[in-house]
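Derivation of every value follows stated rules applied to the coordinates shown; laboratory data play no part. None of these values were measured; they are calculated from a predicted model. Note: ideal-geometry Cβ built from the backbone for every residue, glycine included; neighbour counts use all protein chains shown.
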Amino acid sequence: MKNSLTDSSAFANSTDSHCPDAVGTRCMAPHGAARRMGLTFIVGASLLAMASHTQAQGILTVTPSSTLTTLAGTGATGYSGDGGAASAATLAAPSAVAYDAAGNLFFADAQNHVVREISRSGQISTVAGNGLEGYGGDNAAATAATLDTPTGVAVDASGNIYIADSHNHRIRKVSGGTISTIAGTGTPGFAGDGGAATAAQLWLPSAVAVDASGNVYVADTNNQRIRKISGSTITTIAGDGEELFAGDGAAATAAVLDSPVGVAVDAAGNVYIADRHNQRIRMVTPGGTISTLAGSGGASFSGAYGGDGASPALASLSRPSGVSVDAGGKIYIADTGNQRIRIIAGGAGGTIGSVAGSNQQGFAGDAGAATNATLNMPRAVAANGSGGLAIADKLNQRIRTTTLPSLSFANSGVGILSTPQSVTLANTGSAPITVSSIVLSGAFTTTTGGSCTATPITLAAGANCTESIAFLPTAFGPASGSVVLSGSGVIPQTILLGGTALQSTTTVTLSSNVAAPFVNQPVVLTAAIQPAGVGTPTGTVLFYEGTTLLNTATVNSGSASFTTTLPAGPQTLTAVYGGDTNFTGNTSPALSELVTDFSFAPGSSVLLNQTVQPGQTASYAFNVQPIGGAFTLPITLTATGVPAGATVTFTPQTITLGASPASFTVAIKTSATTASLAPHSLFGGGVVALSLMLLPFSFWKRHRLRGLRPLTLCLAVLFSLAAIGGLSGCGSNSGFFAQPSQTYTINIVGTATGAGGATLQHSIPVTLTVQ
């Protein structure tokens with residue numbers, strides 16, 4: 001049967017209560033209470049003053065700073081509001097907080113004897129306990145069970161809820177909505193180590209934690225121990241049952257604790273203990289060694305506030321009641337008597353600071369800076385995945401939350417630097433500090449314009465400077481990031497950054513690699529897409545000549561190209577960029593491209609087929625016409641296929657047209673020995689022909705005396721004439737002494753050379769026959 005020691009109001013105002021939760025109507029005083037009762041508060045007060053002024057310390061204060069608001073509770077004590085907004089509910093001595101993996105918050109509503117949940121959307125509900133004080137309901141619906149002053153809560157990765165059912169001296173578990181007891185018989189005392197946890201005795205367990213492997217850690221407060229449940233077996237991992245302070249640097253099981261009321265475990269297996277009446281946070285390594293992480297003072301020290309900006313081991317705490325650790329290894333302390341939430345960054349070699357509370361007791365400061373707010377006996381603290389904290393502000397009957405400071409930037413186009421905003425770095429301590437690192441994540445950057453120097457930034461006590469930060473979006477849509485300011489001996493300060501990126505405009509420029517190409521000359525058209533800011537557009541470009549689509553090309557590294565040939569004449573070319581997710585489309589200004597050509601035509605009344613005797617000259621006349629516009633390049637004239645030994649003369653040799661036609665002549669003078677002089681007829685040439693011509697007369701003279709008839713003579717004459725006829729104009733020969741004629745096809749060629757060595761040629765064939 002439980003014995004009543006004091007009422008809840010006495011607990012609320014006690015400075016040294018051994019009922020550490022101050023929430024019930026019954027409590028058992030541990031056997032060491034008499035020792036502590038004999039201590040004088042004069043000693044404690046002297047130590048407080050000494051601890052607060054032992055050394056100068058620098059403290060980095062950043063503006064904008066974290067803000068604090070009320071998440072749940074109206075400030076009135078009661079049990080109401082389930083199913084509605086948590087801010088409209090009433091609570092009674094909220095004493096523990098824990099987040100699940102989804103960001104839902106669970107808290108022990110101690111004097112309502114329930115565990116409640118606040119969803120991410122802000123709705124409150126009860127997940128364990130029926131609001132009645134007692135013990136019952138195991139292996140049934142958790143909401144139908146009875147609890148007695150639950151003061152601790154933890155949630156594992158699977159969503160199972162663990163409850164320190166304090167005045168039932170048990171650890172309860174809710175899994176799938178069903179509650180069960182996993183440790184404690186309900187009879188206060190110490191027993192059962194090495195055996196089944198359900199057969200063990202606990203004494204006023206005040207807090208519970210769970211690691212990634214499912215091991216459960218219990219702050220067995222009035223047993224002055226930390227117990228561990230692995231599977232179903234319970235053991236002691238810290239504390240020997242005595243109540244005082246001793247044992248640092250040795251085995252934790254041989255150490256002495258004094259009212260451990262908070263417990264936490266990090267990813268490495270280190271266990272943290274809120275050793276309340278020793279004014280310390282103690283740490284037990286996985287190897288089992290205990291040490292003091294934060295807090296100082298002798299066994300009689302009643303607590304104080306001091307040490308921010310310095311080593312946590314040199315700091316002063318006052319009745320720390322809760323401890324937690326976030327995913328990044330930062331440790332948070334509910335420094336209850338100091339009405340503050342403290343932070344330790346960097347572990348034992350790091351720095352301690354304050355993140356909420358002003359050392360004043362009461363209620364004030366919602367929607368303002370967290371460090372200016374007023375708390376009333378904060379009992380527990382837990383970090384969420386966004387860097388905010390949930391605080392069981394016990395005697396304010398509220399759950400309060402801190403939110404990291406943020407800067408919201410106006411909408412800005414992709415790649416366009418926004419208007420900068422300032423962050424103020426101030427040293428509110430009494431010694432210089434150095435900010436050696438400013439790390440930004442997301443699409444944000446520091447800019448010129450602030451008064452801070454480049455890192456490292458050294459600030460004397462009382463000094464401040466400004467850092468300028470801007471939004472430089474890299475992709476369309478909402479963007480988030482942060483800036484973290486840190487340095488040796490400085491609590492890292494995080495500011496969340498946000499903005500929304502819009503599509504940026506683009507400018508499209510079309511160019512050609514040839515200013516005035518020839519007809520059919522390959523031309524490379526390139527569209528360059530230039531965004532209004534920085535970035536690289538993607539997508540496609542359509543190339544047009546007038547309204548005719550020439551080609552579609554893919555944008556690569558901010559430009560698109562393709563190779564084509566263009567018809568003669570003035571061409572109007574445009575490039576149309578279609579845009580992409582980050583950049584708007586646009587059309588280039590028109591590019592005018594004059595594509596030039598020329599033509600050959602024979603002059604009027606000039607024969608293209610001419611016949612000359614060897615040594616004579618054949619003349620041809622031609623007209624040259626520009627096509628598509630003025631042809632400004634010189635046209636050089638040449639001829640191919642001329643007879644051997646012939647000479648060719650162009651008048652003029654080179655023509656520059658411009659916009660008007662021109663003419664030229666070609667004179668081809670043949671060589672006197674162009675035709676062959678060798679006999680080539682069947683009868684041996686001219687000598688044979690002459691002989692044949694005289695043959696009838698010789699024949700007649702020889703035979704006249706023989707009485708040759710006139711008919712015979714006539715036939716001989718005809719035969720001779722026929723032989724001569726074969727030499728005088730038949731086939732390709734003409735003239736009595738004619739040489740053989742030859743016909744030549746001669747090409748008259750005009751060649752123009754343009755940019756890059758490109759050439760344009762046209763030709764006309766003519767025929768020359770040399771007799």
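Write down, largest first, the equivalent ellipsoid semi-axes of segment 122-193 in whole Å, where each equals the square root of 5 times an eigenvalue of the alpha-carbon gyration tensor.
20, 14, 11
Taking the Cα centroid of segment 173-252 and of segment 560-602, what is the distance between the two, rounded to the nearest whole Å?
Here the two parts' Cα centres lie 82 Å apart.
For segment 550-686, count all C-alpha to C-alpha pairs, find those more than 21 Å apart, and express that count as a whole percent of the total.
Looking at segment 550-686, the distances longer than 21 Å represent 65 percent of pairs.
Calculate, in nm to one decimal, what ALA367 and THR611 gain on full extension: separation in residues at 0.36 nm each, minus their alpha carbon distance.
76.8 nm
Once both labels are modelled 7 Å past Cα along the beta-carbon direction, what's the ALA667-SER511 spacing in nm?
Calculated label separation equals 5.0 nm.
Based on the mean of other beta carbon atoms within 10 Å per residue, what is the order of 530-539, 100-109, most packed first?
Top of the packing list down: 100-109, 530-539.
Could you grab the relative contact order for segment 547-631? Cα pairs under 8 Å, six or more apart, rounded to a whole percent.
Computed value for segment 547-631: 27 percent relative contact order.
Around ALA630, what is the net charge, scoring Lys/Arg as +1 and Asp/Glu as -1 over all other residues with Cβ under 15 Å from its Cβ?
For residues surrounding ALA630, the net value is -2.
Given segment 439-581, report the % of alpha carbon pairs whose separation exceeds 26 Å.
50 percent
Along each principal axis of its Cα atoms, how long is segment 393-453 end to end? Whole angstroms, biggest number first, please.
50, 35, 17
In segment 547-576, whose amide N lies under 15 Å from the spot 7 Å out along Cα-to-Cβ of GLN530? List them in ranges.
Zone members listed by number: 558-560.
In segment 288-402, how does Rg compare with the Kirkwood Rh, expressed as the Rg/Rh ratio over alpha carbon atoms?
Reported Rg/Rh, Kirkwood definition of Rh: 0.95.
Under 15 Å from the Cβ of SER80, count the other residues' Cβ atoms, weight Lys and Arg +1, Asp and Glu -1, and hand me the total.
Within the 15 Å Cβ shell, the charges total 0.
Go ahead and run the numbers for FRET between ALA299 and ASP82, Cβ-Cβ distance against an R0 of 45 Å, rounding to 0.05.
In this case the efficiency is close to 0.50.
Which order do the peptides 624-634, 58-68 take when ranked by the mean count of other beta-carbon atoms within 10 Å per residue, highest first?
Top of the packing list down: 58-68, 624-634.
Based on the mean of other beta carbon atoms within 10 Å per residue, what is the order of 435-441, 753-759, 170-176, most packed first?
My ranking of the peptides, most packed first, is 170-176, 435-441, 753-759.
Based on alpha-carbon centroids, what's the gap between segment 293-319 and segment 403-446 in Å, whole number please?
32 Å
Just grab the label-to-label distance for THR656 and ALA644, each label 7 Å out from Cα along the Cβ direction, in nm (one decimal).
According to this spin-label approximation, the distance is 4.0 nm.
Please report, in cubic angstrom per residue, the volume enclosed by the convex hull of the alpha-carbon atoms of segment 281-321.
Cα convex hull per residue, to the nearest whole number: 82 Å³.
Running Debye on segment 214-330 with equal point scatterers at the Cα sites and no solvent, what base-10 log of I(q)/I(0) appears at q = 0.14 Å⁻¹?
Debye curve over Cα of segment 214-330, log10 I(q)/I(0) at q = 0.14 Å⁻¹: -0.51.
Starting from the 7 Å offset along Cα-to-Cβ, what nm value, one decimal, do you get for the label separation of ALA56 and LEU549?
7.6 nm
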